[in-house]
Amino acid sequence: MPHLLYIESSPRKERSASIKIAKAFLDEYKKTHPDDTIETLDLWNTELPSFDGDTINAKYSLLHARPESDAERKAWEPVAKTIDNFMRADKIVISIPMWNFGIPYKLKHFIDIIIQPSYTFSYSPEAGYKGLVKNKSALLVFASGGAYSSDMETEGLDHQRSYMNLIMGFMGFTDIKSIIAEPMLMSTPEEKLEIIEGAKAEARNLAATF
Ligand SMILES: Cc1cc2nc3c(=O)[nH]c(=O)nc-3n(C[C@H](O)[C@H](O)[C@H](O)COP(=O)(O)O)c2cc1C
């Protein structure tokens, strides 16, 4: 049965717009795909391995096809486990707040763990970079305080959507859907409610065919 991994990157729980929308999606998904399995990865309640010292050496050993030292092998274990769990999923849903025009550092940490040679991408001088993710669908749920979709004044400031689309594409995702809730801080409470309800409806529609 298909397995869906939901990755949550806002710490704001019930106050979070991106989580509200993702939850509406998942509720509908459960109804329409009763036999699928769903796992939640709450990045604010998950201890990710730090990416330093022996871990980086292990990455370069992999990249240059050099044998690993014992210390590198040990440091790499939790990295490989995290990537295996990501790659086990057939479908990925990520809820993503905009923080300082980019993404929260917990999500960046997760990305630094999973973007690895021979796991999620390959490189050769002849073929260049190739994503190793095949046949997985992805939904990215974005929330931001300002509006970045159509405003000429904010053009070029968004490093949330552009970065996430780049990174998913780099891994090989080709089927990437997105839902955007904006502007969360620059609207009245009524407008904000309307924007979130609209995004939730969009999410429920998408869930049935995801
Ligand atoms: C640390 C931090 C940085 C933020 N930086 C930005 C920003 O650069 N641009 C923006 O439009 N909104 C910014 N916001 C507002 C959030 O994007 C907005 O509150 C959004 O709803 C967050 O998603 P969430 O509700 O799912 O947590 C920031 C919020 C926080 C907490």
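The values are calculated or read from the model by the stated rules, or taken from the named source; none is laboratory data. On a predicted model such as this, the values are computed, not experimentally measured, just so you know. As a convention, Cβ positions derive from the backbone with ideal geometry for all residues, glycine included, and neighbour counts pool all protein chains shown.
Of the helices (runs of 4 or more DSSP H) contained entirely in region 8-109, those carrying at least 3 residues that are basic (Lys, Arg) fall at 17-32, 70-88. Counting the residues of region 43-60 that are within 14 Å of Glu77 (Cα to Cα) and of a type in the set (S, T, N, Q) gives 3. Could you tell me how many of the residues in region 136-164 are more than 15 Å from the ligand (Cβ to nearest atom), farther than 21 Å from Asp112 by Cβ and touching a residue at least 40 places away in the same chain (Cβ under 8 Å)? Count: 1.
Per-residue answers, yes or no, for (1) at pLDDT 95 or above; (2) over 19 Å from Ile83 (Cβ atoms); (3) among the hydrophobic types (A, V, I, L, M, F, W, C):
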| residue | (1), (2), (3) |
| --- | --- |
| Lys23 | yes, yes, no |
| Leu26 | yes, yes, yes |
| Lys30 | yes, yes, no |
| Asp35 | yes, yes, no |
| Leu43 | yes, no, yes |
| Lys59 | no, no, no |
| Leu62 | no, no, yes |
| Arg66 | no, yes, no |
| Asp70 | yes, yes, no |
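Residues in region 165-185 that are among the small types (Gly, Ala, Ser) and within 16 Å of the ligand (Cβ to nearest atom) were compared, and the one that is nearest to Pro117 (Cα to Cα) is Ser178. Within the option set Asp112, Asp35, being away from the ligand (no atom under 16 Å from the Cβ), closer than 19 Å to Arg161 by Cα and either acidic (Asp, Glu) or surrounded by fewer than 17 Cβ atoms within 10 Å (Cβ to Cβ) (or both) holds for one residue only, Asp112. Looking across region 88-109 at every residue that is within 18 Å of Gly146 (Cβ to Cβ) and of a type outside the set (S, T, N, Q), the one that is farthest from the ligand (Cβ to nearest atom) is identified as Ile103. Please work out if Ile195 is over 22 Å from Lys106 (Cβ atoms) and either exposed (fewer than 14 other Cβ atoms within 10 Å of the Cβ) or within 16 Å of the ligand (Cβ to nearest atom) (or both). Yes. If the condition is being more than 26 Å from Arg15 (Cβ to Cβ) and part of a loop (DSSP other than H, G, I, E, B), then region 124-149 contributes Pro125, Glu126, Ala127, Leu132, Val133, Lys134, Asn135, Lys136. Has region 165-176 got any residue that is in a loop (DSSP other than H, G, I, E, B) and farther than 25 Å from Thr55 by Cβ? Yes, region 165-176 contains at least one residue that is in a loop (DSSP other than H, G, I, E, B) and farther than 25 Å from Thr55 by Cβ.
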